[in-house]
Amino acid sequence: TILSRCQILRLSPLPEAVISARLEHVFAQENVRAEAGVSIEIARRARGGMRDALSLADQLLSLVGSEPK
């Protein structure tokens, strides 16, 4: 009876290309001029998690400013 009251979410990791594309969109919206390959590397390190990718990007931008290399 308890299982029938639980919500089950089956999550799967996002592909690196999807994460990278979203990061490029976010960078454009925030006027960040990231060097080629930055979003791909962040996506690789996020291991399929969009929230992890956004957190890593935020940490990077707090360290290096609006032009990460």
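Quick notes
- When shorter helices are ignored and each DSSP H run of at least 4 residues is given -39500 (n - 2.57), the per-residue value for the chain at 222 nm works out to -17500 deg cm²/dmol.
- Separation of the R10 and I40 label points, Cα + 7 Å toward Cβ, nm: 3.3 nm
- GNM result for the chain, Cα springs below 10 Å: residue of L11, L56, L23 fluctuating most strongly: L11
- Over the chain, relative contact order from alpha-carbon pairs under 8 Å, at least 6 apart, %: 36 percent
- Heavy-atom surface of the chain, accessible at 1.4 Å and reported per residue (Å²): 81 Å²
- The range 1-68: trypsin sites (Lys or Arg not before Pro) in DSSP loop, at most 13 other beta carbons within 10 Å: R10, R33, R47
- Ranking D52, D58 from most to least accessible surface, computed with a 1.4 Å probe over the protein chains only, gives D58, D52.
- Summing charges over neighbours of D58, with a neighbour being any other residue whose Cβ is under 11 Å away from its Cβ, gives -1 when K and R count +1 and D and E count -1.
- Degrees between helix 16-29 axis and first principal axis of the chain (Cα, 0 to 90, nearest 10): 60 degrees
- Computed from Cα atoms, the angle from the helix 50-64 axis to the main principal axis of the chain rounds to 30 degrees.
The values are calculated or read from the model by the stated rules, or taken from the named source; none is laboratory data. This one's a predicted model, so the numbers in the text were calculated from it and none came from an experiment. Every residue, glycine among them, receives a Cβ derived from its backbone with ideal geometry; neighbour counts consider all protein chains shown. To get the accessible areas, we keep the full protein, side chains included, count just its heavy atoms, and leave off ligands, DNA and RNA. Shrake-Rupley method; radii C 1.70, N 1.55, O 1.52, S 1.80 Å.
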